[in-house]
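K.L.:
This is the structure I want to talk about, given as structure tokens.
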Amino acid sequence: MRINRLIAACLLPLALANVGTANANVIYSVNLNTTQLAGAPGEIALAFQLNDGGGIGDSNNVVMLSNFTFGGGSASSCPLNCLPIGDASGDANTAITLVDTYFFNSIAHRFTPGSNLSFLLEMSTYLDVSGTPDLFGFSILKAQVSEFKIGKTNHYLNSASIVKVSS
């Protein structure tokens, strides 16, 4: 799958830093309003990535994504519609796991948007020895070059208006 256009940069700078020595997994409920994407032409994909802050692939943090709902849309079936890189596995029909085994770990999964996209995000928060935190991010990608028309003008989707993250 060739993805040429980032349509909604929902990159969450959720640095996996930890204060002190204690550690606990954190769980977020993520809900995105994808009404503006429903019925849009071209291929659309979710992309999740986990970068190792130390750059050495120490496998000290894991991100698990589950309980995907698409508000009338659906996830495509894998493996034909998924592109894993590094230590990324699973799919949005069941669950996705990313481990910072390599510097860059990512998975892109095609989907048909509905009115909203929601999922649970669970991640560990171990501090890298280097002191540089790991980074988790996600995006919604579009394969066409054209922009989406939102209202009366063309814009890139504003991530602040479509993303709600709560713990």
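The values are calculated or read from the model by the stated rules, or taken from the named source; none is laboratory data. These numbers were taken from a predicted model, which means no experiment stands behind them. Cβ coordinates were reconstructed from backbone atoms using ideal geometry, including for glycine residues, and neighbour counts include every protein chain displayed.
K.L.:
Taking the stretch 31-44, which residues are assigned to a strand (DSSP E or B) and buried (at least 19 other Cβ atoms within 10 Å of the Cβ)? Spell out how you get there, then give the answer.
P.N.:
First pass over the stretch 31-44, keeping only residues assigned to a strand (DSSP E or B): 31-33, 44.
Of everything in the stretch 31-44, those that are assigned to a strand (DSSP E or B) and buried (at least 19 other Cβ atoms within 10 Å of the Cβ) turn out to be L32, I44.
K.L.:
Which of the residues belonging to the stretch 99-114 are part of a strand (DSSP E or B), touching an Asp or Glu at 6+ places or on another chain (Cβ under 7 Å) and more than 20 Å from I44 (Cβ to Cβ)?
P.N.:
Selection gives V99, N105.
K.L.:
A47 - would you say it is in a strand (DSSP E or B) and in contact (Cβ under 8 Å) with a residue 24 or more places away in the chain?
P.N.:
yes
K.L.:
Out of the stretch 119-145, which residues are at pLDDT 85 or above and in a strand (DSSP E or B)?
P.N.:
If the condition is that a residue be at pLDDT 85 or above and in a strand (DSSP E or B), then F119, L120, L121, E122, M123, L135, F136, G137, F138, S139, I140, L141 are the ones that fit.
K.L.:
Further question: Before we move on, is G72 over 16 Å from the mean Cα position of the chain (by Cα), modelled with pLDDT of 90 or more and either surrounded by fewer than 16 Cβ atoms within 10 Å (Cβ to Cβ) or assigned to a loop (DSSP other than H, G, I, E, B) (or both)?
P.N.:
Yes: the conditions hold for G72.
K.L.:
I've got another one for you. Only one of (1) modelled with pLDDT of 95 or more; (2) surrounded by fewer than 18 Cβ atoms within 10 Å (Cβ to Cβ); (3) not small (G, A, S) is not met by L98, so which one is it?
P.N.:
Tallying (1) modelled with pLDDT of 95 or more; (2) surrounded by fewer than 18 Cβ atoms within 10 Å (Cβ to Cβ); (3) not small (G, A, S), L98 fails exactly one: (2).
K.L.:
Would you mind stating whether S89 is in a strand (DSSP E or B), out of contact with any His (no Cβ under 7 Å at 6 or more places or on another chain) and among the polar types (S, T, N, Q)? Reasoning before the result, please.
P.N.:
Details: in a strand (DSSP E or B): yes; out of contact with any His (no Cβ under 7 Å at 6 or more places or on another chain): yes; among the polar types (S, T, N, Q): yes.
Considered against the rule, which asks whether it is in a strand (DSSP E or B), out of contact with any His (no Cβ under 7 Å at 6 or more places or on another chain) and among the polar types (S, T, N, Q), S89 comes out as yes.
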